[in-house]
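The values are calculated or read from the model by the stated rules, or taken from the named source; none is laboratory data. These numbers come from a predicted model, not from an experiment. When we count neighbours, we look across all protein chains shown, and the Cβ atoms used for this are built from the backbone with ideal geometry, even at glycine. To get the accessible areas, we keep the full protein, side chains included, count just its heavy atoms, and leave off ligands, DNA and RNA. Shrake-Rupley method; radii C 1.70, N 1.55, O 1.52, S 1.80 Å.
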Amino acid sequence: MILAILLLAIAVIIVLALLAAAGAGKLARLDGATYPTALTRAAVAFAAVLTLAAAIATVLTDVCSDLVY
């Protein structure tokens, strides 16, 4: 059960990262950026979302490890 929840959470994070990247790329193109520049901005947005998710997971791991059952 825990594995299924973990895989679902990872899938949701990846989908959110892809949506953020697509939005950033589209906004860059609407702003007049070239395709390589828009792709770079999309990649930066994708990496930023994944980095933020990793940081949140690290904090939650530290907090949850301190809980006493």
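If you go through the stretch 40-69 and keep only what is exposed (fewer than 11 other Cβ atoms within 10 Å of the Cβ) and of a type in the set (Val, Ile, Thr), you end up with Thr58, Val59, Thr61, Val63, Val68.
Taken over the stretch 28-47, the criterion of being without any contact (Cβ under 8 Å) to a residue 12 or more places away in the chain and part of a helix (DSSP H, G or I) is satisfied by Arg29, Leu30, Tyr35, Pro36, Thr37, Thr40, Ala47. For Arg29, the requirement of being open to solvent by less than 100 Å² (accessible area, probe 1.4 Å) and either under 23 Å from Ile5 (Cα atoms) or modelled with pLDDT of 95 or more (or both) is met.
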